[in-house]
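Report on the structure given below.
The values are calculated or read from the model by the stated rules, or taken from the named source; none is laboratory data. All values derive from a computational prediction rather than experimental measurement. A quick note on method: Cβ atoms are made from the backbone with ideal geometry, for glycine too, and the neighbour counts reach across all protein chains shown. These accessible areas exclude ligands, DNA and RNA; they are computed on the full protein's heavy atoms, side chains included. Shrake-Rupley method; radii C 1.70, N 1.55, O 1.52, S 1.80 Å.
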Amino acid sequence: MTSFVGRRGELAALTALMGPARLVTVTGPGGVGKTRFAMRGAARLAELTGLFPDGVRYAEVSAVQDPLLLGHAVLEALGLTDSTARPPYEVLVEQVREQRLLLVLDGCEHLVGPCAELVDTLLRAAPGLRVLATSRQSLGTDGEHLLPLAPLPVDPPPGGGTPDAVTLFADRAAAVLPGFELTERNRAEVAVLCRRLDGIPLAVELAAGRLRALSVAQITLRLDDRFRLLTGGSRTAPARHQTLRTTIGWSHELCTMKERLLWARLSVFAGTFDLDAAEYVCGGEGIDPDEVLDLLGELVGKSVLLREEGPQQVRFRLLDTLREYGARWLRAGGDRHRLLRRHRDWYLGVASWGEVEWFGPRQAETAERTRLAHPNLRAALEFSLSEPGEEQLALVLAGTLWFYWVGSGHLGEGRHWLDRALALAPAPTEARAKALWVTGYMATLQGDLARARPALEECREQALATGDDRALAYAVHRQGCAALIGDEPQRAAELFEEALWHYKTIGELNSNVLMAMFELGIAYLFLGDAEQGERWISEVREIAEQHGEQWAYAYGLYALAYARWSSGEVRLARAHARECVRLNHLFRDLLGIVLAMDVLALLETEAPDGDLVEARVLQGAAHRIWQAVGKPFFGSRSFNGPHLECERRARDGLTEQEFHEAFRLGGQLDLDAAVSRALGRGDRPGPEGLPGPRPVRPSPVPAF
């Protein structure tokens, strides 16, 4: 949002280093501009070098406090979702092994060891990967090249000109005080001020924010007084960390009492937050909630807060250095525990409201809102798990987020939180029952029946013992899911019928209920009862359309595609499968995408307009996605049937080279490219790849 000033020499040095080096760590003190430099440098490298045909990805590490979540954060940065039971590092290695991209890891100093381990693992496994890290200290791993980032120059460059620090001050001053510009009269004063600030960019920007009330000379004088105070009266230039601390401290002093109080309270947020969250968490006890908006505006004006335009609304964030400063004041005031609890309560509300809105026309908006809240949800979960007496709320929060863990592809992280919460809270409560069925559900989707079945049986037994009818319905439902992927369609159908009876009895209607109907329909299709199967799938579609629900509706479309293919209606089946891919892509639900993509591959083997080459390309793309989902087809023979039939037909009609080369080509597509291909928008193999479309002869439709 603001201009980039200086750093020409450092940018050139980065370009030179990144030629032979695969890991460059930009080091320097807080406030020196490491993040801004890394982002500019990465963009410049991508533009000038051509080293990264698969792009540049930015991962903010500073918001991650739990080392076990580092892998999940990087997966998100790569645009991937982790739905497997494998460690995230394994998933990352699988996904980046063939990639040629630049990964920017920003703010590693608080997780130096885990970051070093992650980087070493990835670089050894992926020869085309390069990493640009920022940290206040080196990672200390093999092959690391350091690029120390010094403060901006405060003296004129050789041959004359304006020092970069002075240029930065003038640029930021003009934003605060319209019409400000460097003149012969003020140039020397600005230079003196920048020299007193050691050219530290954050300090310079904070000082520029004072121009609304003070002249340049007054800012310098008042800063000089504070330097003498902090350095025991010495008039020599203070150490850089003292300079920054003093500048931030002076900005703090120039804030009103309520602005200081809000600054301290805002330090409990991780990543970005919106106005509603700030009003709830920080309001009261000295700050009226109605005052928060104006106070936020003042902190933005003083360069304490950053204002970010979001897709839905304006969001705010504290720079890490300023968050650390505010957190010290919050601890000193003895109010940190209360604020952390209010923060947790707010994000428990975000999760609860998201669960309600998930069944309705605002599903996509709910998914995006939850994604933006993800760093703060992690912080809320960590507080609940580390604070004695809060374990039940940890279960509630982790269980309530089932819609995000499942619907937006975060099964691995969801199980991480639920496993921790279940271990800490063994008492048979309603919250534990929900956490058990959510865990069992997610383990089932990962093909981990060894964990799913005991969790679901414990939930069922507890529900019967405590009279918890809702938990009983969900336990039976998810036991049906386990039976379905365990290739027991008859048993699955019985359990789904029982679960739907329970749901109707207690008046439950939501996306989970629709999924039970979809799963029952699939079970009947696997049993060869097309009439019963389509009846339940049609009911899913009807109810979903009435309520504007899209997630379960998309899975219903997958089932309809399967049913239409079975009855020989290829064009209609293709339309349903493509719409399933499109809708699930909105939610980043990899499972829904890959199931439909495998059906689309099979449909490409159908005459008269099929293409065996394209069928194998889609199978290759689906195979890559399955690596981030879990066991292909959950390890289920029933779900794997269309895939095996497609493979058989392609092998019969292609040469061995064509068969394997098309699969390899599909495996090189990233998620967005694979989805585009599946929707019919991607380029088909050209003359340098494979032969053109290979027509297919009519094939009988087998029963699975």
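Provide the per residue accessible area, probe 1.4 Å, for region 385-486, rounded to a whole number of square angstrom.
Values: 3050 Å² over 102 residues.
Averaged over the residues of region 385-486, the accessible area is 30 Å².
Note down the magnitude of the dipole of region 355-465 about its Cα centre, charges +1 on Lys and Arg C-beta and -1 on Asp and Glu C-beta and zero elsewhere, to the nearest 20 debye.
In debye, rounded to 20, region 355-465 gives about 220.
If I model a spin label as a point 7 Å beyond the Cα along the Cα-Cβ vector, how far apart are those points for Val356 and Val192 in nm?
So the two model labels end up 6.1 nm from each other.
Using the Karplus curve 6.51 cos²θ - 1.76 cosθ + 1.60 with θ = phi - 60°, what ³J(HN,Hα) values do you get for each residue of region 490-503, in whole Hz, with x for Gly and Pro?
Along region 490-503, the couplings run 5, 4, 4, 4, 4, 5, 5, 4, 5, 4, 5, 5, 4, 4 Hz.
Per q in 0.13 Å⁻¹, report the Debye log10 I(q)/I(0) for region 259-307, using one uniform scatterer on each alpha carbon and no solvent.
These q points yield log10 I(q)/I(0) values of -0.23.
Determine the per residue accessible area of region 272-347 with all protein chains present and a 1.4 angstrom probe, expressed in square angstrom. Provide the component values of the computation, followed by the final result.
Details: 3600 Å² over 76 residues.
Result: 47 Å² of accessible area for each residue.
Using 7 Å Cα-to-Cβ label points, what is the His110/Glu539 separation (nm, one decimal)?
5.0
When you count, for each residue, the other Cβ atoms within 10 Å and take the mean per peptide, how do 29-35, 321-327 rank with the highest first?
29-35, 321-327
HN-Hα J couplings of region 463-473 from phi, Karplus 6.51/-1.76/1.60, θ = phi - 60°, integer Hz, Gly and Pro as x?
In residue order, the calculated couplings are 4, 5, 6, 9, x, 8, 5, 5, 4, 4, 4 Hz.
When the helix-only estimate is applied to the chain (DSSP H runs of n ≥ 4, each -39,500 (n - 2.57), divided by the residue count), what is the mean residue ellipticity at 222 nm, nearest 500 deg cm²/dmol?
Numbers: 32 runs with 441 residues, N = 704.
Helix-only estimate at 222 nm: -20000 deg cm²/dmol.
Accessible area of Lys258, 1.4 Å probe, to the nearest 10 Å²?
80
Within region 317-341, list the residues whose amide N lies under 20 Å from a label point set 7 Å along Cα→Cβ of Arg222.
Hits in region 317-341 for Arg222 at 20 Å: 322, 326.
Give me D for region 408-526 in µm² s⁻¹, whole number, from Stokes-Einstein with Rh from the Kirkwood sum over alpha-carbon pairs, 10 °C and 1.306 mPa s.
Once the numbers are plugged in, D ends up at 112 µm²/s.
Could you sort Phe4, Phe316 by accessible area so the largest value comes first, with the probe set to 1.4 Å? Could you put the intermediate results ahead of the total?
Numbers: Phe4 45, Phe316 20 Å².
Of Phe4, Phe316, the descending order of accessible area is Phe4, Phe316.
Can you pull the accessible area of Ser215 for me, 1.4 Å probe, Å² to the nearest 10?
Using a 1.4 Å probe on the heavy atoms, I get roughly 50 Å².
Give me the net charge of Asn640's neighbourhood, meaning all other residues with Cβ under 11 Å from the Cβ of Asn640; Lys, Arg count +1, Asp, Glu -1.
Net charge in that neighbourhood comes out at -2.
Please list, in chain and number order, the residues 5+ apart from Leu146 or on another chain whose amide H is under 5 Å from its amide H, with Hs placed from the backbone.
Here the answer is Thr25, since their amide H atoms fall under 5 Å of that of Leu146.
Please work out the average accessible area per residue across region 136-224, using the 1.4 Å probe convention, and give it in Å².
That works out to 46 Å² per residue.
Over the chain, what is the relative contact order in percent, taking alpha-carbon pairs closer than 8 angstrom and at least six residues apart? Present the calculation step by step, with values, prior to reporting the outcome.
On the way: 1143 pairs, mean separation 66.6, N = 704.
9 percent.
What percentage of the solvent-accessible surface of the chain, computed with a 1.4 Å probe over protein heavy atoms, is contributed by carbon and sulfur atoms? Before the final figure, lay out each step's value.
Numbers: 14890 of 28070 Å².
The C+S portion of the solvent-accessible surface of the chain is 53 percent.
Need one number: convex hull volume per residue for region 615-674, Cα atoms only, in Å³.
Convex hull of Cα atoms, per residue: 74 Å³.
Spelling out what I want: for every residue of region 172-187, take phi, set θ = phi - 60°, compute 6.51 cos²θ - 1.76 cosθ + 1.60 (Karplus), and round to whole Hz; glycine and proline get x.
6, 5, 5, 6, 7, 10, x, x, 5, 8, 6, 10, 4, 6, 9, 4
Please compute, for the alpha-carbon atoms of region 528-623, the extent along each of the three principal axes and give them in descending order in Å.
The principal-axis extents, from largest down, are 40, 31, 19 Å.
Taking each pair of different alpha-carbon atoms in region 461-512 once, compute 1/r for the pair, average those values, and report the inverse of that mean as the Kirkwood hydrodynamic radius in Å to one decimal.
Its Kirkwood hydrodynamic radius stands at 11.1 Å.
When the Debye formula is applied to the Cα atoms of region 345-458, each taken as the same point scatterer, what base-10 log of I(q)/I(0) results at q = 0.12, 0.24 Å⁻¹?
With no solvent term, the Cα-only Debye profile gives -0.38, -1.39.
List the residues, sorted by chain then number, that are 5 or more residues from Tyr58 or on another chain and whose placed amide H is less than 5 Å from its amide H.
Under 5 Å from the amide H of Tyr58: Val104.
Which whole number of Å³ per residue matches the convex hull of the alpha-carbon atoms in the chain? Display every interim value, and only then the final one.
Working: hull volume 123.3 nm³, N = 704.
Output value, Cα hull per residue: 175 Å³.
In nm, to one decimal, how far is the modelled label at Leu214 from the one at Glu457, with both set 7 Å along Cα→Cβ?
Each label point is offset 7 Å from its Cα along the Cβ direction, giving 7.1 nm.
Work out the charge dipole of the chain with +1 on the Cβ of Lys and Arg and -1 on the Cβ of Asp and Glu about the Cα centre, then indicate which of Gly33, Cys108, Val292 is farthest towards its positive end.
Farthest along the dipole direction, towards plus: Gly33.
Whenever you get a sec, line up His502, His660, His252 from highest to lowest accessible area (probe 1.4 Å, protein heavy atoms).
From most accessible down to least: His660, His502, His252.
Counting only residues 5 or more places away or on other chains, whose amide H sits under 5 Å from the amide H of Val131 once H atoms are built in the peptide plane?
Under 5 Å from the amide H of Val131: Leu23, Val24, Leu103.
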